[in-house]
Structure formats: C-alpha cells, structure tokens
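The values are calculated or read from the model by the stated rules, or taken from the named source; none is laboratory data. None of these values were measured; they are calculated from a predicted model. Here the Cβ is made from the backbone with ideal geometry for all residues, glycine too, and neighbour counts use every protein chain on show.
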Amino acid sequence: MKYKLRIKDNHNDMTVFFRIQSLFFVTLLLSVSFLFNFSAEAATKVSERIRFHSLTIEDGLSQSTVNSITEDRFGYMWFATQDGLNRYDGVLFDQIKHIPNDASSLASPSIEKLIYDSMDTMWALTAQGIDSVDVNDLSVTHWMSELKLLADGGKDVELEVESIALMPDNTLLVVTNLFIAKIDVNNGDISRIDELQSLVDEHTIKNSLVIEDRFYFVEDSCLIAISLSGLGKQTRCLSSDLELELLISDRDEPNHFFITGAKGFATYSIEQQELVHFPIFDGRTDSPTKVLNLASHKNGYWLATGSGLKYWSNEEKKVTVEYFSDFTDHYSINNDYSMDIWKSSDGLFWLGTLSGVNYWQSEQQFLHLLQKREVMQFKRDNYTTSLLKNHKGDLWVGTDSSGLYKYSSDFSTLEHYAGLKVGDQLVKTDYVAGMLEDRYRNFWIIASAGLFFSPFGEDGFSLLKEVYDTNGKPITLTDMSSIIEARNGDIWLGGAEGFYKIEVEYTNNNDIQTSKLKFIDYTDTVPDVVMDTRYGVYTIYEDLQGYLWLGGSKGLVRFNPINSEVKLFESHPEDTQTLSSSDITVIYEDLLGVLWVGTVSGLNRVRYDSKGEVYFQRITQHDGFVDDFICSILADNSGFLWISTANGLVKFHPDKGTPANFTYKDGLQYNEFFTNADFADDDGNLYFGGINGITMFNPDEISIQKEEKELKVVSVKHEGLVSGLTKEGDTYFADVSDEGLVSIRLSSFDFINESEYRYKIDAFSDDWIMSNGPIINLHDIQNERLLIRAQIRQKSGRWGDKETALLLAVEKSFWSSAHGFLLYLMMLTFVVIGVAVYLSSYFSKRIDRQERKLKERKAQSQLLLSEKKALLYQVEDLQYSLSEQRYQSERLENQLEQLKVNDQLTGFKTKHYLKQHIGKELEIIGNTWVENDGIAGVYLGVFAVDIDNLAMINKEYGHLCGNEVLKQAAECLRTISYGTDTLVRWQGATLLILSRGIEKREQMILAEKIRSIIASRKFDLGNGASIDVTCSVGFGRFPFLQDPNEVITWDQLIYVIGRALSVAKSNSRNAWLGIFTNQFSHPQEIRAKITTDLSSLLNSGQLDYVSSIPKSNKINWDTTG
C-alpha cells in the first residue's frame, strides 16, 4: 500500500454517501468530486515510518566516520572509526586509540574492519596491519611483527594486510600481498597456508570470506571459490561492468552470502552455486548507487549505500523504502553515505555513516497518520482535535482550523474538506470539536460553525446554529464541546452554553429529518459552579449503569437522566480521596466497568465505599506517569489502559505494576496530544490525535521494551586496573584493596531508553544514593567486606524491587591488617617502656640534686618564712580582687552576647534576636486575620532545616569541616529565600526560615527546593575534599488553628515544627514533612495535647501532614531522629 504523491487539480468540501446504480449518476458523482474536493494518495507507507537514534562525537564517539560495526557476547556495541575503536554500552563509550610511542595502544588510528571471535577477541584491521583487543580488559596485541617473520624477506619486507576472515576453527585467516596465513589466538601461533599461495601469486585479493572449508574472494566482476586445501577452484562471473567489492556472510542463512558492488549487490547460494546481481538505484536521481553493506530483515535486506539507507524486498525484487538525511529532522539518518550495517542480538539495527552511528528498532510499531508532508499538499495543518471511523471503514479527522480530512479504509487516499455542503453552499467548519455516527449511520459533527447533520444515504448536511427547545427557549449550537449517543438512542450535547438532549424521531424506514429532532434543555440541572466557566460541560460519558458523567473546568457531575438528579464532585487537594483536580478533561469506562476520570493534574479511579458513596484514587507522575495532564483514555483487549497526555502516551494496568511511558523517541507523532481526540476501531487499532497528526497502533503488536533490563556489574577497577569479577546466583563478587579509588561500572545495555541509577551500601546506611550515571566511586574502603546494592529505572519511571548486588572483599594493607596492628602495638609498647625507663632515671637524678639544694637553702628559707607569709596574704587579696574582676568581665560578656544580632558562622539572625522579636511578629500576623473576621489574612510559614548526619561528618572530618558544611548550607538557603524572609540559626545545626504571606502549597514547593538544593550540591570541606550532603525539613505555619481567636504560642508552634523535623529525619532523611490543621480540628483539644500527645492528634485525623515521604511508607510518629 503506497502513498505516492498524486494531487488532483480539483476541489470539493464534502463527500457523497449514497449508492448510484447507473453509469450516468456515477459519472455525475465523479464530476462533483472533481469539482469540490482535494484528493491525494498519502505520502509514504504507514509501515515505513522509522525514528532513528543517533550517536556522534557529541555523545562520546571518538570520530564521525564509522567504517565497521559489531557486538560482543556481553552486549557491548563496537564501532571502528578513522580515529580509534569505540565500545558502547548504551550510556558510556570506552575509546581505544592510537597513541604515538605507546606500544600498548593501537598501531594505527584508522580501523577498516572488525571481527569478533568466540574467544572474546576483537580483531581490528588497520592501516598498519592487524591488532587484537581482549574485550575483558581492553588490552591490545600487535601481530604485524610476527607476520613479517613468515615472509621470505624477513622483518624488513614491506608487508600489507589485504583482508581478514574468521575460520570455522576460530582462527583468523589473514590475506597479505605476499602470502596467506592464519593466527591462533589461543596459543599465539602464526603459520602460513601454503596450499593457497598460488592464489596470492595469481590474483589480487582485496576481500575474502571463509564458510566451512571453502575460501571465497572477488576479483573485478568475478567470485572465486576454492577449498582451504587448495583444490576445487570455481569461478562465477557477472557482466564486466558490474564490479564486485565486499563479501558479507548472511547470519540468518549459513549457506548464503552477499557481495556488494558499485551498482548494486549480488547474492550467492552455496548449495545451488548461483550468483545473482540486483541493480540498486537512487530514488531521487534514478542513477545507479553503490552498496557498501547489507543485513537481512524479514523477507528482504537493509542496504547501506552511498545514497541513503534502503530496504530491498525479496518479494517485489526492488527497493521499496528509502531514507535520507534531513537536517531539520533530529530523528532522520545523520548522513546519506553509510559504510556498514549490523543487526544486534536485541533486534536493533546499527548503521555506520560519515557522521556517526544511527540505530533503530526493527519494527516501527507506532504509525503516524496525517503527517505534515501529507497535508502540505492542501496547504493546511494537521492539528487533530477529533476522530471517527465510519461504517465503511473511512477515518474522518477533525482539526483545529483546517476543516476535515478523510482517509480511505485502506489508508491509500487522503481527502481534505475545508467546508461541508449545506444546500447549495459550502460552509466552513473551522474548529471541529467532535463527530458521531449513530446506530442508524447518521453523521453528526459539532464545530465552531454549529451542529452539522447528515442523514444516512444523503449527500449533504443540514447546519443548525440556533434551535428552540420544547419550551420555546432558543438554544445556541455554535460552541459545543462534546457529543455522545446514549444506549436508548438519544443524542446528548454539552458545551459552553449548556447541556442538551436530542430526541430523534424516525419513520418506519429509519429516515430522519431535522424537523424531527426534539431538543430538551437540561442546563439548569447542572451546578452553577460548572456552567459559570468558559467551557461549561466539556466532556460527557455514559456508564454501564446509565448515569451520564459530565466534566467541566470546575468539577465532575453525575447526572441521572431518569430523574435529573445530579451530584457534584470537586477536588480538595488535602483530601486524597477527592479528585486530583476539578478541571476534568476526559471520562472513560474500561472493560471491567471501572470508571476513570482524567484531569489536568492526573488520572482518577472511581471507587465506592461500603455505603455506596463515591471516592477517588489518584494516579499521577508520582506513580510513574510521564505527565499529569490527561488527554484521552482507551482500553485494549487485554485490559490495559492507553492514556494520552500532554507529554507522551502511557500504557497502564491498575493491577500489573509500573506504567510504561512512550514518547516521540519511541515513534509517537509528537509528545502532545489533544483531549478526547481518540478512537478504537473493531480491529483493535487505537488512534490518538494531537498537534502533529495521529498516532495509530495495535496494542497487541507493541513490543517496544519498556521494562527495565537486568542491571549488570560490568567492571570493577582499582586505581584504573581491572579487578577480577565473578557472579554466583544474583550476586557479583570482586576483590579490591583498601587504599585508593575503586570504580564500579553498571550497565543494562539498554540502547533505547534513558535510565537513572541509585545505590546503597549496607554497612553505611539504608538510604538510597542517587548516582549521576552508571559509575559508583568509592575511596579508601575501611570495611573488610562491603555489600553494594544498585537499582535502575527508566527516566521519570518508578523504582522497582529488582536489585543488583556486588560484594567487595577488601584486602587490607599490612599495617591495616590485624597482624600489622598487633606488631604496631608491640613496637609502641617497647617504645613506651624505653621512654619510661629513661624518664625514671632522669627524674631520679634531678630529685637527688634538688634535695641537696633544698638542704642548703633550708636555713635561708627559715629566715624568709615570715616575709613569705606576709606576701601570701597579699596574694590572697589579689586573687580575690582578680576573681571579682573576672566575674564583672563575664557578666559584661554575657550582656554583650545577648545583644548580638547576627550569628558569626552563618550570618543568620541569632536565636536571642528571634526570641526578642517573634512575639511582635506573631501579633501582627494574627491581627491580619482578626481584622478580616478570620476569612482572610497573612500566614507566617516556619521551616526548620537540619543537616542529616552532621554528627558523623564532625566525627569523620572534624568540627571545622562540619562548620564549613553548615556555612555552605546557609548560603544555599539564602539563595532560594525571599527578600522578606527571616533566616535564623536556632540551635546547633538547625536553621529556621520565617516566610511571610506563604500558602500551604508554596510551603511544600519551598520545602522541596530546600531539600533539592542541598542534595544536589557538592559541599567543599575546605581540605580539598567534597561530599554529598542531605537535609531534613519540618515546617508549619502561624496561625496554626483556623479560628483566629484560638492561637497557640510560639513555643508550641516550634515544638510541632521540631517534631515534624525529627519524624522526617527518623523515617527517611533527605525528606520534608509539614503538619497542618484541617476542618476536623478541635482547637481546645489541640492546644491541650499538642506538646504532650501530638501522635494521637495525627492518627485521629485532627491534624494532617504533607511529606515527600511516599504515603505507602507508614510513618512512625513516636520515633525521634
């Protein structure tokens, strides 16, 4: 089914539906069609849309020109370039390059070909010969010196390697300009194959291939085959103008291989000994093009050519798809000239070009309809607002401002309708809000122009802009948003102006006329809070019980069409069993009868309690959704919900784990969809419209891997040297030393999905540490054994339960070991004993000398005794005077300390300053509420911020480093605080922020900012080292109670906030928690228990809390951190 560009020079703004028997009327119908509509076949096959990913030097590739691609058994992709060899795991590149005068590097920067054998050796054919790379440790071995020893002229001979090929026994066959040899990497043996020497003497062998015991090579336009023993030479030739170049094995068919050429490619069947050439042409110039490599896919081949990527169909024996570079499209191939193509074990295809690497999934499962290039022929846009597939299988598409489009049932033809035929006139629809084909195949369209209606079998429309209801009241139909058909056949309309029912009266032949439409106005039954908005009734849905659910921007309404009873549901953010938002976008009931309500702030599941009352379960980004703005909902046959959002598509099952998110990178038409622009056809296909056309797919065929792949430990290095890594069960093991840097590299070899990593070390903490990438660095490990657990998740997804464990056995240096420590103690003991003996002797001699001097002076001392007593009395008087002066000095210092305003370390206000001024501040805040009778006023938000594990930092690095951390944390808080905020160092490591005029949600946002800015910063310890630090935040506000006449004291408020801080630290760390009152709070009981039994107030529901700690984690309120 091709979409060639074929524009007819005709115009029509309607389509004809009735059947014509006679040729005359057929001719007339075609004439009308030619006069009134634009028709064209679509631009490209729906099955041929591929989104290419790219890797360039900006991503870490060593050089742009990629000559060869392969993969190893571990999952790494290898790319040979003109400046080095690259190994890639989906996140990081390892580069192996040529370094002059370094024998451990590659012999040459330019690599022409790669071959990987089963002994974990990567063979590289370079401009200087052959190198091999051990894929385990990336060590390089050069082979040219040994090869030269096989030449007759010795090591001084000029030897050039023409080609390499892998032999069945895993040895490497090497074709040189002088001889053919083989290399056995197991034992390093190199030997000549003398049986093939005549080939080198008689032919120029530029490329070769070994299959079983046969050696194949090409020369000009001929394929030559011979056994490895030099017997049974055969030649197959093509026309002399068809030059052959490269032999490529077919990994899907062992008895079949390919040969590339300057004008196409050839295939050779070993069993039939048949050589067949297929010319390839550039679809843009219709000239022959060079094929450089190819790979099998389904019933055909992907061709890497000099003029784009092409797909050759074996069925049609021609190129059916071509892809070219488009600098305006980030997901096109990055260069038209490609050198190699490879299919990896995970089903991805890899293309090496002059500008890097492209890779893509073998199946493009999301199909893109109404592409921009399809609608450009009509000079219109493709902003899709509504979808409908009629009984003929034609897909109607309503747009924002471009009228209507219609695809034929096989998607081969696309027609555009700028307007619809109403009588003898063409009326523009402009914005199309919805479409409906009722049970009698009547066609309804609601648009900016009004309600268009076409009875089945008629070729035109009636347009209703204003009608009268059964009471004679005028109804305007130019601003409708939603149209549905109830199970009893009634039509329901909703819009900005009202909510209406259309009762349709049919004749015996099921014919209908506009005069038989009876309009009944139910607008008055809809709550005013919903109708008094810009959109009114925005969406309508009938559930299995017969209720109509109405959604607007201010709430959800359940309407009983039998007795007109209504019930309004609104959002209360603090009550998690209400809607996540009152702004409703879509309503849908799944196959199990579960009703779902989409809002601008998440998805809501309708549930019923034991009394039959409705409550809601919220599902948002915190549960793994890519975005909270819900646009449309459809269910597939397996019970999964497919949910379009403002930033991607979500596959979700309420009972089957984490949602799977799909974005533009996965093949969607765009990330942003439109509300209620959806349709599910009878074949199971789902359609979602958005600002760039339509995404169509069959859920059963979506096999894009969205589950996290297994996270592996791929290497452990100590000071840059690879350590031995083993695995038993689910645990990896490695031996390292206790000194220096240990680097642990993780990978899931997921080349499509972006991922995030985290880890924890059992010996240190139960808290997860977010990693900037797949590398974990550890310094100077002190433990003898260290268990590290790591997890991976797709970006913006949820963390699962799977963990990858690595157990490090740490080899201690001698002086860190038990033997070294014992020897150290013995040496220290001997030194202490020696010093003690020396000091004993020394002081003994001094004592003897002092005794002699004392005897000599004894007489003099007796004479001076009286004078000494007098002096002693004077000294006692001086000491008393000095004590009195010291007391006065300390008293003055205390007074000066009380007068201090600013803390010397942080620059914040002091606790003494706050205590002096807080009473007046609280009085001012309270007056703002009293003056407004408690209806409005200003809140004072109070945040207590405490650095996690500061005691451990002080212990490990010293108090100076701890002070430095506290100082830098204060700087962080200062940068995110408002100019009117008061910053206080309350006590120790606890900092306060007093923010005026802040609401509850703003407090949550500021708390997250505080937590995030501390967690994301590297803290300099002032000694050349830096560490990661987290903090915990507790917060509340004043007035704490909703009644302005009922107040709590500052000491009670700071107790509550301090308790919130302690609970955040003890239950999580790196978290925030705020405590607030609610409508159920009893002021007297709260003031009585707030400092004595806070946990009972929280557990009884008189107090609420908000926290970054997931609600699924039970919080222990009686634990303090």
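So the values come out like this:
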{"item": "Residues (of a type in the set (Asp, Glu), farther than 15 Å from Asn207 by Cα and out of contact with any Phe, Trp or Tyr (no Cβ under 7 Å at 6 or more places or on another chain)) located in the stretch 234-273", "result": "Asp241, Asp252, Glu253, Glu271"}
{"item": "Matching option when the condition is at pLDDT 90 or above and in contact with a His (Cβ under 8 Å, 6 or more places away or on another chain), among Val742, Val736, Val716", "result": "Val742"}
{"item": "Neighbours by Cβ (under 7 Å, 6+ apart or cross-chain): first from the stretch 778-804, in the same structural domain as Asp730 (by TED's automatic domain parsing); second β-branched (Val, Ile, Thr) and not in a strand (DSSP E or B)", "result": "Ser796/Val626; Gly797/Thr658; Arg798/Thr658; Gly800/Thr658"}
{"item": "Close pairs from the stretch 742-757: first closer than 18 Å to Trp78 by Cα, partner hydrophobic (A, V, I, L, M, F, W, C) and assigned to a loop (DSSP other than H, G, I, E, B), Cβ under 7 Å, at least 6 apart", "result": "Leu746/Leu711; Ser747/Val91; Ser748/Leu711"}
{"item": "Listing of strands (runs of 3 or more DSSP E) fully contained in the stretch 393-502 that carry 2 or more residues being surrounded by 17 or more Cβ atoms within 10 Å (Cβ to Cβ)", "result": "395-399, 404-407, 413-417, 419-422, 432-437, 443-447, 450-454, 462-464, 480-485, 491-495"}
{"item": "Test result for Asn671, under 24 Å from the mean Cα position of the chain (by Cα), closer than 28 Å to Ser332 by Cα and assigned to a strand (DSSP E or B)", "result": "no"}
{"item": "Subset of the stretch 557-588 (residues that are within 34 Å of the chain's Cα centre (by Cα), more than 13 Å from Gly494 (Cβ to Cβ), free of Cβ contacts under 8 Å to residues at least 60 places away in the same chain and assigned to a strand (DSSP E or B))", "result": "Phe569, Tyr588"}
{"item": "Selection count where residues are of a type in the set (D, E, K, R) and either assigned to a strand (DSSP E or B) or modelled with pLDDT of 95 or more (or both), scope the stretch 98-125", "result": "2"}
{"item": "Among (1) surrounded by fewer than 23 Cβ atoms within 10 Å (Cβ to Cβ); (2) at pLDDT 95 or above; (3) in a loop (DSSP other than H, G, I, E, B), the one test that Leu544 misses", "result": "(2)"}
{"item": "Any hit, the stretch 713-725, residues being surrounded by 17 or more Cβ atoms within 10 Å (Cβ to Cβ), in contact with a Gly (Cβ under 8 Å, 6 or more places away or on another chain) and without any contact (Cβ under 8 Å) to a residue 60 or more places away in the chain", "result": "yes"}
{"item": "Residue among Lys712, Lys651, Lys665 that alone is closer than 30 Å to Leu806 by Cβ and among the charged types (D, E, K, R)", "result": "Lys712"}
{"item": "Answer from Ser163, Ser198 - the residue that is surrounded by 14 or more Cβ atoms within 10 Å (Cβ to Cβ), hydroxyl-bearing (Ser, Thr, Tyr) and outside the structural domain of Asp120 (by TED's automatic domain parsing)", "result": "Ser163"}
{"item": "Residue within the stretch 393-408 that is within 30 Å of Ile115 (Cα to Cα) and not assigned by TED's automatic domain parsing to the domain that holds Thr675 present", "result": "no"}
{"item": "1 or more residues closer than 23 Å to Ile953 by Cα and touching a strand residue (DSSP E or B) at 6+ places or on another chain (Cβ under 8 Å): qualifying helices (runs of 4 or more DSSP H) within the stretch 1008-1121", "result": "1050-1067"}
{"item": "Among (1) of a type in the set (A, V, I, L, M, F, W, C); (2) within 24 Å of the chain's Cα centre (by Cα); (3) not in a strand (DSSP E or B) - the single one Trp350 does not satisfy", "result": "(3)"}
{"item": "Criterion (assigned to a loop (DSSP other than H, G, I, E, B) and either touching a His at 6+ places or on another chain (Cβ under 6 Å) or assigned by TED's automatic domain parsing to the domain that holds Ile115 (or both)) met by exactly one of Leu231, Leu242", "result": "Leu242"}
{"item": "Residue within the stretch 986-1000 that is out of contact with any helix residue (DSSP H, G or I) (no Cβ under 9 Å at 6 or more places or on another chain), in the same structural domain as Gly1074 (by TED's automatic domain parsing) and among the acidic types (Asp, Glu) present", "result": "yes"}
{"item": "Residues (assigned to a strand (DSSP E or B), aliphatic (A, V, I, L, M) and over 20 Å from Glu195 (Cα atoms)) located in the stretch 128-184", "result": "Ile130, Val133, Val140"}
{"item": "Any chance Ile1010 is in contact with a helix residue (DSSP H, G or I) (Cβ under 7 Å, 6 or more places away or on another chain), surrounded by fewer than 15 Cβ atoms within 10 Å (Cβ to Cβ) and of a type in the set (A, V, I, L, M, F, W, C)", "result": "no"}
{"item": "Answer from Leu303, Leu275 - the residue that is within 26 Å of Leu223 (Cα to Cα) and buried (at least 21 other Cβ atoms within 10 Å of the Cβ)", "result": "Leu303"}
{"item": "Residue check for Glu971: of a type in the set (Asp, Glu) and modelled with pLDDT under 90", "result": "no"}
{"item": "Among (1) on the phi > 0 side of the Ramachandran plot; (2) within 20 Å of the chain's Cα centre (by Cα), the one test that Gly612 misses", "result": "(2)"}
{"item": "Filtered residues of the stretch 615-643 (kept if assigned to a strand (DSSP E or B), within 23 Å of the chain's Cα centre (by Cα) and not charged (D, E, K, R))", "result": "Ile619, Ile630, Cys631, Ser632, Ile633, Leu641, Trp642, Ile643"}
